[in-house]
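Visitor: The structure is given below, and queries will be raised subsequently.
Please treat every number below as a calculation from the coordinates, not as lab data. Bear in mind the structure is a predicted one, so any value in this text is a computation, not a measurement. Every residue, glycine as well, gets a Cβ built from its backbone with ideal geometry; the counts of neighbours run over all protein chains shown.
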Amino acid sequence: MDDHGQKLSTQHLQAWFGAHLALKEVSIDIPGNRVTAIIGPSGCGKSTLIRCMNRMHETIPSARAAGAVLLDGRSIYQQDPVQLRRQVGMIFQKPNPFPTMSIIDNVTAGLRLNGLRDRRRLEEIAAQCLQKAALWEEVKDKLRYPGAGLSGGQQQRLCIARALAVNPEVLLMDEPCSALDPISTSKIEELIHELRAHYTIVLVTHNMQQAARASDQTAFMYMGRLVECGETRQVFTTPKAQQTEDYITGRFG
Amino acid sequence: MQWRYHMRKIIDWSMSGAAMMATLCGLIPLILISMHLLRRGISSINLDFFTHMPQPVGEPGGGMANAIIGTCLMVGIATAIALPIGLLGGLYLSEFGERRTGAAVRFAADMLNGIPSIVIGIFVYGFVVVPLGHFSAMAGGIALSIIMMPMILRNTEEMLRLVPHALREAALALGIPYWKTLLRVVLVTARRGIVTGILLALARIAGETAPLLFTALGNQFWSLRLDQPMAALPLQIFTYAISPFEEWQQQAWSGALVLIGIVVILSLLSRWMVRVPQVKTDG
């Protein structure tokens, strides 16, 4: 589990929305069991990049991608996207629990909708995942209550628990804290730190402090290109590219 | 400055007042109709009205059991035809409606929605009644289904479109196949609005008269045969209301009251279904 070899990598990845080229030849390596932060100004393609990693990008009409994305050395474009997404989970910017489902049903949605019916087993998994997502203590007495009744920060941890329930290897987080208050944010960051032991995490963030705090490796993107990628400490203290330095020192973006 | 502030206040007040007046004006017909119907119709509403057959002219009492059952049967037939088509069509439009066929289907449904119901009656007369050689409950149900189908279809589409895109993404990102995402997440999330639309469409067709005139025709006797003419509440009301006999006119008032009652119950039911669930919190 402490293998830090390449879990996920992209090679000359390009992505389009209609005629607009949003990713330009991005090649990045994501090491296993580490947190990789992707930073950059709005519209630089960081969300598009991680949405290519679980093939959510192509669910948008008129969107397409070219180049290679390798998971454990295998091209994800030769795999069934539905299977792939169970291996590569995703957390979205805005917490999006299923409004018609209770807390426990939200957590087990991925399993139930794929045919697992054993109630005992489902409850076990739900409890485990809620514990892993550091939500168990807050919701253990109201598992049958609607998931939408939780606070924003709790909802986001519920979504993390839901993603964990299908037993993924990689977690893609698309600005998971941007809709949350500072306390919820710090809880999620702690959680990211703990989850790192068992999952490979890609964290897209607007917040440079968050990237500095929570990640092992940081990638800086600008205008659809990967400008720089390296150890977080190195990127923030001695960036190689002038653009990176300008961005992290607040000169633009 | 002060003057402007007062002016704004005055405009605010007068606009609110105008909106309130308009609302009242809109409600007045409803209140008048309900009160009038209650006053005229309530006197002969009793158990017999729901369980007995119409009496010949001159004999008091009797009911509209056959018409009530007829309306239920024909609305049932219409629903059985229109519901699957409307639901699946609405799903198609909300999911694949951006294509050219989607625009065509949407346009066709809107046109169909706008066709006067008597035209639909004549159409079914020509296509079902004439070839089969007689009026029938089946033809009545088909005519009603043609009115119902585009209503359900467009409403289903609108309700499905209201489901936030984020929920589809959430489901897809969990490795749930597209079709299951549609059935188990999107449809389920929109179900309240869809059910409301269905109930409102039911209420609407339950009161349709014109399309039944040329299809189900009406029947003074007890009949459950779908290939024979059948009574229906709106038809019975129509026949009785234009008759010269006082007892029949009285029955027509009561029939109208029952019909309104059915519509009110369906509306309340739909309201109840879309009620916002109380989110429980324990402090």
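Visitor: Using the number of other C-beta atoms within 10 angstrom as an exposure proxy, rank B:ILE122, A:ILE76, B:ILE33 with the fewest first. Let's see the in-between values first.
Guide: Working: B:ILE122 18, A:ILE76 23, B:ILE33 12.
In order of increasing Cβ crowding within 10 Å: B:ILE33, B:ILE122, A:ILE76.
Visitor: I've got another one for you. Summing Lys, Arg as +1 and Asp, Glu as -1, what charge do residues with Cβ under 9 Å from the Cβ of B:LEU174 carry, B:LEU174 excluded? Show your work: numbers first, answer last.
Guide: Working: positive: A:ARG85, A:ARG86, A:ARG162; negative: none.
Result for the neighbourhood of B:LEU174: +3.
Visitor: For chain B, calculate the relative contact order in percent as a whole number, restricting contacts to Cα pairs under 8 Å that are 6 or more residues apart.
Guide: Once normalised by length, the contact order is 25 percent.
Visitor: Which of the helices in chain B, when you take each full DSSP H run, stretch at least 15 Å along the axis at their Cα atoms and have an average Kyte-Doolittle score of -1.0 or higher?
Guide: B:2-41, B:65-96, B:100-114, B:137-161, B:187-206, B:246-273
Visitor: Also, I was wondering about something else. If you take every residue apart from B:PRO234 with its C-beta less than 14 Å away from the C-beta of B:PRO234, what net charge results, scoring Lys and Arg +1 and Asp and Glu -1?
Guide: Residues close to B:PRO234 contribute a combined charge of 0.
Visitor: Expected output is a single nm value to one decimal: the length gained when fully extending between B:ARG39 and B:ARG99, i.e. 0.36 nm times separation in residues minus the C-alpha distance. What is it?
Guide: Taking 0.36 nm per residue and subtracting the Cα distance, the gain is 16.2 nm.
Visitor: Return the calculated 222 nm mean residue ellipticity for chain A, to the nearest 500 deg cm²/dmol, obtained by summing -39500 (n - 2.57) across DSSP H runs with n ≥ 4 and dividing by the residue count. Present the calculation step by step, with values, prior to reporting the outcome.
Guide: Working: 10 runs with 91 residues, N = 253.
It comes out at -10000 deg cm²/dmol, rounded to the nearest 500.
Visitor: Find out how many positive minus negative residues lie around B:ALA78, taking Lys and Arg as positive, Asp and Glu as negative, among other residues whose Cβ is under 13 Å from that of B:ALA78.
Guide: 0
Visitor: If each of B:LEU32 and B:SER16 carries a label point 7 Å out from its Cα toward its Cβ, how far apart are those two points in nm?
Guide: 2.9 nm
Visitor: List every residue whose amide H lies under 5 Å from the amide H of A:ALA37, counting only residues 5 or more places away in sequence or on a different chain, with H placed 1.01 Å from N in the peptide plane.
Guide: A:LEU203, A:ASP216, A:GLN217, A:THR218, A:ALA219
Visitor: Of the listed pairs A:LYS140/A:LYS187; A:LYS142/A:LYS187; A:LYS132/A:LYS187; A:LYS94/A:LYS240, which have alpha-carbon separations greater than 22 Å here?
Guide: A:LYS94/A:LYS240
Visitor: Still on this structure: Find which of A:ILE125, A:VAL139, A:LEU84 sits farthest along the positive direction of the dipole of the stretch A:59-146, computed with +1 on the beta-carbon of Lys and Arg, -1 on that of Asp and Glu, about the Cα centre.
Guide: A:LEU84
Visitor: Report the extension gain between A:GLU124 and A:ARG144 in nm, rounded to one decimal, defined as 0.36 nm multiplied by the number of residues separating them, less their alpha carbon distance.
Guide: My answer for the length gained is 5.7 nm.
Visitor: Amide H of A:TYR222 versus every other amide H placed in the peptide plane: which residues, excluding those fewer than 5 positions away on the same chain, fall under 5 Å?
Guide: A:VAL227
Visitor: Now for a separate question. Take chain B, connect every pair of alpha-carbon atoms lying under 10 Å apart with a spring to form a Gaussian network, then pick out the residue of B:VAL105, B:VAL128, B:VAL188 with the largest mean-square fluctuation.
Guide: Top of the fluctuation ranking is B:VAL188.
Visitor: Compute the distance in nm between two label points, each set 7 Å from the Cα along the Cα-to-Cβ direction, one at A:ILE183 and one at B:TYR178.
Guide: The answer from the label model is 4.4 nm.
Visitor: How many Cβ atoms of partner chains, on average, are near each residue of B:163-170 if near means within 10 Å of its Cβ?
Guide: 5
Visitor: Could you line up A:THR36, B:THR71 from fewest to most neighbouring Cβ atoms inside 10 Å? Don't skip to the answer; put the middle values down first.
Guide: Numbers: A:THR36 24, B:THR71 30.
Ordered by Cβ neighbours within 10 Å, fewest first: A:THR36, B:THR71.
Visitor: For peptide A:155-166, how many partner chain Cβ atoms fall within 10 Å of a residue's Cβ, on average?
Guide: Mean shielding by partner chains, rounded to a whole number: 1.
Visitor: Could you work out how far the C-alpha centroid of the stretch A:68-134 sits from that of the stretch B:196-211, in angstrom?
Guide: Their Cα centres are 42 Å away from one another.
Visitor: May I pose another question? What percent does the relative contact order of the stretch A:6-248 come to when contacts are Cα pairs within less than 8 Å and at least six residues apart?
Guide: Values: 484 pairs, mean separation 69.1, N = 243.
Averaging sequence separation for qualifying contacts and normalising by length gives 28 percent for the stretch A:6-248.
Visitor: Something else: Taking chain B as a Gaussian network, Cα atoms linked when under 10 Å apart, which of B:LEU233, B:LEU88, B:LEU47 shows the biggest mean-square fluctuation?
Guide: Between B:LEU233, B:LEU88, B:LEU47, it is B:LEU47 that shows the largest mean-square fluctuation.
Visitor: Enter the mean number of other protein chain beta carbons within 10 Å of the beta carbon of each residue in B:175-183, as an integer.
Guide: 5
Visitor: Ranking A:ASP216, A:ASP174, A:ASP118 by Cβ neighbours within 10 Å, fewest first, what do you get?
Guide: By the 10 Å Cβ count, ascending: A:ASP118, A:ASP216, A:ASP174.
Visitor: Most fluctuating residue of A:ARG117, A:ARG157, A:ARG213 in a GNM of chain A with Cα springs under 10 Å: which is it?
Guide: Of the options given, A:ARG117 has the highest mean-square fluctuation.
Visitor: Oh, and also: Estimate the FRET efficiency between A:ALA66 and A:MET223 by the formula 1/(1 + (r/R0)^6), using the beta-carbon distance for r and 25 Å for R0, to the nearest 0.05.
Guide: The calculated FRET efficiency here is 0.85.
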